[in-house]
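Everything on this sheet refers to the single structure shown next.
The values are calculated or read from the model by the stated rules, or taken from the named source; none is laboratory data. Since we're looking at a predicted model, the values are computed, not measured. Positions of Cβ are backbone-derived with ideal geometry, glycine not excepted, and every protein chain shown enters the neighbour counts.
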Amino acid sequence: MAFVPAPGYQPTYNPTLPYIQPIPGGLSLGMSIYIQGVASEHMKRFFVNFMVGQGPESDIAFHFNPRFDGWDKVVFNTQQGGRWGSEEKKRSMPFRKGAPFELVFMVLAEHYKVIVNGNPFYEFGHRLPLQMVTHLHVDGDLELQSINFIGGQQPPSQRPVTIPAYPGPGQSFQQPSNLPTMEGPPTFNPPVPFTGRLQGGLITRRTIIVKGYVLPSAKSFTINFKVGASGDLALHINPRMTEGAVVRNSYLNGSWGAEERNLSHNPFGPGRFFDLSIRCGMDRFKVYANGQHLFDYSHRLQAFQKVDTVEILGDINLSYVQI
């Protein structure tokens with residue numbers, strides 16, 4: 001069963017180093033790049049470069065470079081014509097050796113906004129027009145788990161119609177019938193518990209994206225697909241760290257149904273990041289974690305279109321939700 005990314009969401013899972021790949025559609029205003037990985041136990045430095053081209057002589061619009069060198073710091077710079085510009089640095093190290101991390105670059109009008117593990121870290125002003133940036137280059141003492149390009153423009157092969165990167169109220173992504181859809185604008189770093197409204201209800205091919213971090217002391221968390229009027233839960237996803245289980249169930253007409261627990265693997269654990277994609281099909285939900293199929297869940301609420309709310313609660317931090 002192939003993983004089908006939702007529109008405006010271009011993930012790569014477990015990429016090898018060095019990672020040098022084109023940015024889907026090119027870098028554009030409103031795009032966010034999420035990098036999840038683990039810093040090496042013996043990390044000295046790594047870098048993320050926003051490149052103008054992919055060759056060794058290409059300019060670097062933004063160089064992000066954490067350094068463990070006795071004076072732990074993060075260096076920021078630009079390279080043009082083979083020459084480095086004026087170096088900016090922050091003598092603060094948000095990464096820990098051997099620890100997982102989530103690094104986010106938000107492309108804003110005046111600068112790149114850097115967020116590490118959900119906390120704003122730095123803003124680097126544009127020195128080269130962001131539209132010139134074509135490739136992302138990542139290398140160094142780390143292990144990459146995923147790179148996600150979110151928002152911005154779609155590459156031509158996936159852009160048969162014009163879609164807004166972040167639709168406003170009342171707008172929706174218009175997609176051909178064979179592709180998944182996402183209706184609402186994304187929410188960055190929302191508080192937990194989170195409640196989101198599914199405008200227009202739960203329709204087939206709708207995909208919900210949830211990116212987050214399981215707290216080190218976590219016992220469990222929950223994602224509910226809920227009918228607000230009745231309180232029915234069409235799908236209740238409940239990872240339980242104390243049991244090493246991911247429980248799925250439905251709550252209909254005041255009663256819980258039979259639990260489903262079987263999994264080929266469990267991606268949820270204390271201190272781990274996750275990237276969950278939940279797609280509604282005609283007869284089932286199809287759920288993927290970190291790009292790998294996790295489980296299917298046959299519809300028990302036949303009128304699943306009545307689902308109008310997504311709830312997320314429990315022992316996690318959320319970095320991104322798209323419903």
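Tabulated values for the structure
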{"read-out": "Options Arg279, Arg300, Arg284: the member that is closer than 30 Å to Val38 by Cα and of a type in the set (Lys, Arg)", "value": "Arg279"}
{"read-out": "Filtered residues of the stretch 266-290 (kept if under 26 Å from Val116 (Cβ atoms) and either in contact with an Asp or Glu (Cβ under 6 Å, 6 or more places away or on another chain) or free of Cβ contacts under 8 Å to residues at least 24 places away in the same chain (or both))", "value": "Phe273, Ala289, Asn290"}
{"read-out": "Segments classed as strands (runs of 3 or more DSSP E), wholly inside the stretch 11-95, with at least 1 members that are at pLDDT 95 or above and in contact with a His (Cβ under 8 Å, 6 or more places away or on another chain)", "value": "19-22, 46-52, 59-67, 73-80"}
{"read-out": "Sole residue being within 30 Å of Asp296 (Cα to Cα), under 25 Å from the mean Cα position of the chain (by Cα) and in contact (Cβ under 8 Å) with a residue 24 or more places away in the chain, chosen from Tyr34, Tyr19", "value": "Tyr34"}
{"read-out": "Residue in the stretch 280-290 that is polar (S, T, N, Q) and more than 17 Å from Leu235 (Cβ to Cβ) present", "value": "yes"}
{"read-out": "Whichever residue in the stretch 235-265 is among the hydrophobic types (A, V, I, L, M, F, W, C) and over 20 Å from Ile312 (Cα atoms) and, among such residues, is surrounded by the fewest Cβ atoms within 10 Å (Cβ to Cβ)", "value": "Ala258"}
{"read-out": "Selection status of Val307, among the β-branched types (Val, Ile, Thr) and either over 30 Å from Asn117 (Cβ atoms) or crowded, with 16+ Cβ neighbours inside 10 Å (or both)", "value": "yes"}
{"read-out": "Condition broken by Asp275, with the remaining ones in (1) more than 15 Å from Leu294 (Cβ to Cβ); (2) buried (at least 20 other Cβ atoms within 10 Å of the Cβ); (3) of a type in the set (Asp, Glu) satisfied", "value": "(1)"}
{"read-out": "Qualifying residue in the stretch 258-268 (condition: assigned by TED's automatic domain parsing to the domain that holds Arg279 and under 18 Å from Thr309 (Cβ atoms))", "value": "no"}
{"read-out": "Which listed residue is surrounded by 21 or more Cβ atoms within 10 Å (Cβ to Cβ), within 17 Å of Val138 (Cα to Cα) and not aromatic (Phe, Trp, Tyr), from Val38, Val48", "value": "Val48"}
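Quick grid of which residues meet (1) exposed (fewer than 14 other Cβ atoms within 10 Å of the Cβ); (2) of a type outside the set (A, V, I, L, M, F, W, C); (3) without any contact (Cβ under 8 Å) to a residue 60 or more places away in the chain:
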site: Pro15; (1), (2), (3): no, yes, no
site: Pro24; (1), (2), (3): no, yes, no
site: Ala61; (1), (2), (3): no, no, no
site: Gly70; (1), (2), (3): yes, yes, yes
site: Thr78; (1), (2), (3): no, yes, yes
site: Gly85; (1), (2), (3): no, yes, yes
site: Phe101; (1), (2), (3): no, no, no
